[in-house]
Amino acid sequence: MNQKLVAVITFLLITVSIFAQKPQKLTSNQIYEKVQKLNFLGTALYIAAHPDDENTRLIAYLANKVHARTGYLSLTRGDGGQNLIGPEMRELLGVIRTQELLAARGVDGGEQLFSRANDFGYSKHPDETLEIWQKDKVLSDVIWAIRTFKPDVVINRFNHRTPGTTHGHHTSSAMLSVEAFDLANDKTKYPEQLNLTSTWQPKRLFFNTSWWFYGSEEKFEKADKSNMLNFDIGVYYPLKGVSNNELASIASSQHLCQGFGRLSTRGSQTEYVEFLKGDFPKDKKDIFSGINTTWNRVEGGGEIGDILYEVEKKFDFVNPSKHLPELMKAYELVQDLKDEHWKGIKTKELKEIIEACAGLYLEASAESSTATSNSFVQIDFEVLNRSSVSMELNTVKFLPENKILEKNIDLVPNQKQSFKETYTIQNTDYSSPYWLNKPWDLGMYKVEDQKLIGKPETPRPLQVLFDLMIEDQPISITKNVVRRYAERDKGEIYEPFEVLPKVTTKLKNKVVIFSSEASRKVSVEVRSGAKNVNGTVALQVPEGWKVSPENIQFSIEQKGDKKTIDFTVTPSKNKSEGIIKAIASSEGKNYDKELVEINYNHIPKQSVLLASEAKVVRLDIKKNGSSIGYIQGSGDAIPESLRQIGYKVTEILPQEINEKSLKQFDAVVLGIRAYNTKKELQFKQKHLLEYVKNGGNLIVQYNTNRGVDVKAPFELHMSRDRVTDENAKVTLLAKEHSVLNYPNTITEADFNGWVQERGLYFPDKWGQEFIPILSMNDKNETPKQGSLLVAKYGKGNYVYTGLSFFRELPAGVPGAYKLFANLLSVKSDD
């Protein structure tokens, strides 16, 4: 087998292991690449607004070709977007996108940072963005990132000079970066940060431009490029067996919940960055030109460089352990560096290289993936020295409690050392995503611990520090405690170890609609995080509502088992909205959290703790018909929302669509982006239109306008028109139409309390057969009349709507429920 093929297979195996969450085991090629990176003391920080905004081509180039420490600061976690792989929205979507960003960085070699900004949805202008984000707070986070990451060069993804021409979050990220570039070195700005870090001045600031920002390739070709640097980011990496743009494609394909799976690309490709501030590089092909990126950059680094440059020059790919004496000497010298910043970075990098060269395997695996505070957990240890180098394990230390276990084991080459220890979990904090621990507002998450700000995820709750002697020199290597096990149909599986509550509760429905004064059953699922848990569970209801009984006892024997408990809730007599909360009590302690587990193959399993609550709405709502067919698109929770108001909803797969299967339904609904994501619909459209022609109501929800044809019965042109202000005034255009009158009367007041937006991707042109029902617009924009269009077709009605029902119904917005019920009930005589 030739060397190139071996390299390709090795790379693919490593990529697969990233997906499976197994610890990365470095090949000789990868160790050598890390040595190259070890010998480059330069840092770049890329800044944008969301997951998927980052240019993985440039990040991969800087990290792998230049060997720079390269970070991506995403101001948000993408919480306001949409999910193509599952039902998670808002904060849960942010958790998924965080992990997808980490997976992308695991491929392209970058590091991931965040601010506390909450992605509140599309924004048309940075004025709105920065007001909602609370500019001062998010600016402080950008400055914190610069002061702690200490980049030599900062690169903006977006243009700070063009507010109002693109997503307000995008422009804001660049504007904040430009401002932070000048302020990060000012000790009078956010001085409280300087208790934990120091001021920093990057050398230069760039804008990662391209033809897209100029409107066309022709315009960009004619543009003045004297102020630009450019690089061929299509370089080939023989040690990896792939080119840089292939690597970048694999990295960006980690954003699966956004539909970013893509073909890899290869070949020469030019990337441009426009110089904005600082000192202009002498070499326009080298972004670090004129910046000292050698070991001589730091005081005392010259001697370290003499050792490590020689290791790189004479690296032994067959026997990397040969270099351990030199690496251990360099490690010892690094510990004496006065520059704490580079000392910390290079210590971490050296440890990883030493561990890999020694073929050292260190693992601490818990008997379970979860534990509760003040409980016992058994840890299985595996320690293995797969080199001929002299090595000892002196102690094992549990962190953060610093419990030390003396071992003094001689690590004989290739002789596995296994032992077990029982440890008492003393953590009082749960290992849920830290930014979700406190109630947040529309624009910002609340994080009080400055040291957590910017981190991609919560530090693991239990770690093990292995104190070793290698070549008679001490070195400590830290590992997260994990859960490793196997399943016959999946093989070896790694899961994060979590500290979770002893009891969690979950309200079955996140919105409960009461359409009359009649009482309803409300179910609470109680889950045990330990064995033999006993207690009571109660419901808190809004003032004027009643619940029976006051509380109910529960007893659960097995850890992880669940019990469903039913309460009877009686609503208020008049229209009202409120929150009900489920609270469990056990051994004198109250538990008010719901455990949400997110488990996809491409990211580690996530355990998220949220408030155990649901919205309740007392609403007078009428409906016509009872049986609804629902064809999912990219996924939404509308079917369950419709069941809340008494509809029988049957979810239909595209392959099941035919004239016979549709006849049974009073109305058929297509989920969001159905025509974008379900290609089979183009072959089923004739059946859907025949259903309408024969008297059915078809409701088509929004699709993006990129290369899609919804095959409406009449002219219908998709656009990017949207109304992002959820409080924008709505004008009723067709006041006499049954959509606004039957079976519920719709007024402008029914558009109060909407969340995130009015709607998106409205049609901007349509045939005369369509009747526009509503008009709305954002500030300083022309009225948009394409949010809700209804057309007669045969005996039935074809409805197209870009209104964001997929957000409003799960949020329990009363007016949205009334209007959607009317869409399902459009009269045939309109």
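Side notes on the structure shown:
- Meets criteria (buried (at least 19 other Cβ atoms within 10 Å of the Cβ), in contact with a strand residue (DSSP E or B) (Cβ under 6 Å, 6 or more places away or on another chain), closer than 30 Å to Glu781 by Cβ and β-branched (Val, Ile, Thr)) for Ile645: no
- Verdict on Asn509 being more than 30 Å from Val396 (Cβ to Cβ) and either in a loop (DSSP other than H, G, I, E, B) or in contact with a Pro (Cβ under 6 Å, 6 or more places away or on another chain) (or both): yes
- Of everything in the stretch 297-323 that is at negative phi and outside any helix (DSSP H, G or I), the residue that is surrounded by the most Cβ atoms within 10 Å (Cβ to Cβ) is Val298.
- Every residue from the stretch 401-419 that is surrounded by 13 or more Cβ atoms within 10 Å (Cβ to Cβ), of a type outside the set (A, V, I, L, M, F, W, C) and under 23 Å from Val499 (Cα atoms): Glu401, Lys403
- Selection status of Leu101, crowded, with 24+ Cβ neighbours inside 10 Å and within 23 Å of Ile291 (Cβ to Cβ): no
- Selection over the stretch 485-508 of residues that are of a type outside the set (A, V, I, L, M, F, W, C) and either surrounded by fewer than 18 Cβ atoms within 10 Å (Cβ to Cβ) or at positive phi (or both) gives a count of 8.
- Restricting attention to the stretch 758-802, the residues being under 17 Å from Ser738 (Cβ atoms) and outside any loop (DSSP other than H, G, I, E, B) number 16.
Conditions (1) buried (at least 18 other Cβ atoms within 10 Å of the Cβ); (2) hydroxyl-bearing (Ser, Thr, Tyr); (3) farther than 27 Å from Leu333 by Cβ; (4) at pLDDT 95 or above, marked per residue:
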residue: Tyr361; (1), (2), (3), (4): no, yes, no, yes
residue: Ser375; (1), (2), (3), (4): yes, yes, yes, no
residue: Phe381; (1), (2), (3), (4): yes, no, yes, yes
residue: Ser431; (1), (2), (3), (4): yes, yes, yes, no
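- Scanning the stretch 532-563 for residues that are outside any strand (DSSP E or B), without any contact (Cβ under 8 Å) to a residue 40 or more places away in the chain and over 33 Å from the mean Cα position of the chain (by Cα) yields a count of 6.
- Residue match in the stretch 439-447 (condition: modelled with pLDDT of 95 or more, of a type in the set (Gly, Ala, Ser) and buried (at least 17 other Cβ atoms within 10 Å of the Cβ)): no
- Flag if Ser661 is more than 21 Å from Asn822 (Cβ to Cβ) and among the polar types (S, T, N, Q): yes
- Any chance Ser172 is among the polar types (S, T, N, Q), surrounded by fewer than 24 Cβ atoms within 10 Å (Cβ to Cβ) and part of a helix (DSSP H, G or I): no
- For the stretch 111-122, filtering for residues that are farther than 10 Å from Pro51 by Cβ and touching a Leu at 6+ places or on another chain (Cβ under 8 Å) leaves 6.
- Strands (runs of 3 or more DSSP E) completely within the stretch 406-487 that count 3 or more residues being of a type in the set (Val, Ile, Thr): 473-480
- Restricting the stretch 35-64 to residues that are β-branched (Val, Ile, Thr) and touching a strand residue (DSSP E or B) at 6+ places or on another chain (Cβ under 8 Å) leaves a set whose member that is nearest to Tyr122 (Cα to Cα) is Ile47.
- In the stretch 24-46 there is no residue that is under 14 Å from the mean Cα position of the chain (by Cα) and assigned by TED's automatic domain parsing to the domain that holds Ile132.
- Summed over the stretch 699-714, the residues that are surrounded by 16 or more Cβ atoms within 10 Å (Cβ to Cβ), in a loop (DSSP other than H, G, I, E, B) and not hydrophobic (A, V, I, L, M, F, W, C) give a count of 5.
- Positions within the stretch 591-631 being in contact with a Ser or Thr (Cβ under 8 Å, 6 or more places away or on another chain) and hydroxyl-bearing (Ser, Thr, Tyr), in sequence order: Tyr591, Ser607, Ser612, Ser627, Tyr630
- The stretch 610-645, residues that are under 24 Å from Glu680 (Cα atoms) and either part of a loop (DSSP other than H, G, I, E, B) or polar (S, T, N, Q) (or both): Ser627, Gln632, Gly633, Ser634, Gly635, Asp636, Ala637
- Among the residues examined, Thr536 does not qualify as β-branched (Val, Ile, Thr), modelled with pLDDT of 95 or more and in contact with a Lys or Arg (Cβ under 8 Å, 6 or more places away or on another chain).
- Candidate set from the stretch 704-735 (those that are in contact (Cβ under 8 Å) with a residue 60 or more places away in the chain and polar (S, T, N, Q)); member that is nearest to Pro763 (Cα to Cα): Ser719
- Of all residues in the stretch 361-399, exactly one satisfies the criterion of being aliphatic (A, V, I, L, M), touching a Pro at 6+ places or on another chain (Cβ under 9 Å) and within 14 Å of Val499 (Cβ to Cβ), namely Ala371.
- Residues that are in contact with a Gly (Cβ under 9 Å, 6 or more places away or on another chain) and within 17 Å of Asn208 (Cβ to Cβ) were ranked within the stretch 233-251; the one that is surrounded by the most Cβ atoms within 10 Å (Cβ to Cβ) is Asn244.
- Of residues in the stretch 564-583 being crowded, with 16+ Cβ neighbours inside 10 Å and part of a loop (DSSP other than H, G, I, E, B), the one modelled with the lowest pLDDT: Ser572
- Any hit, the stretch 361-384, residues being more than 18 Å from Glu421 (Cβ to Cβ), out of contact with any strand residue (DSSP E or B) (no Cβ under 8 Å at 6 or more places or on another chain) and part of a loop (DSSP other than H, G, I, E, B): no
- Scanning the stretch 675-698 for residues that are more than 17 Å from Ser634 (Cα to Cα), in a helix (DSSP H, G or I) and not charged (D, E, K, R) gives Phe683, Gln685, His687, Leu688, Leu689, Tyr691, Val692.
- Test for Val755: is it surrounded by 15 or more Cβ atoms within 10 Å (Cβ to Cβ) and part of a strand (DSSP E or B): no
- Number of the condition not met by Gly106 [criteria: (1) touching an Asp or Glu at 6+ places or on another chain (Cβ under 8 Å); (2) small (Gly, Ala, Ser); (3) surrounded by fewer than 24 Cβ atoms within 10 Å (Cβ to Cβ)]: (1)
- Lys348, sole failed condition from (1) in contact (Cβ under 8 Å) with a residue 24 or more places away in the chain; (2) loosely packed, with under 14 Cβ neighbours inside 10 Å: (1)
The values are calculated or read from the model by the stated rules, or taken from the named source; none is laboratory data. Computed from a predicted structure; not experimentally measured. As a convention, Cβ positions derive from the backbone with ideal geometry for all residues, glycine included, and neighbour counts pool all protein chains shown.
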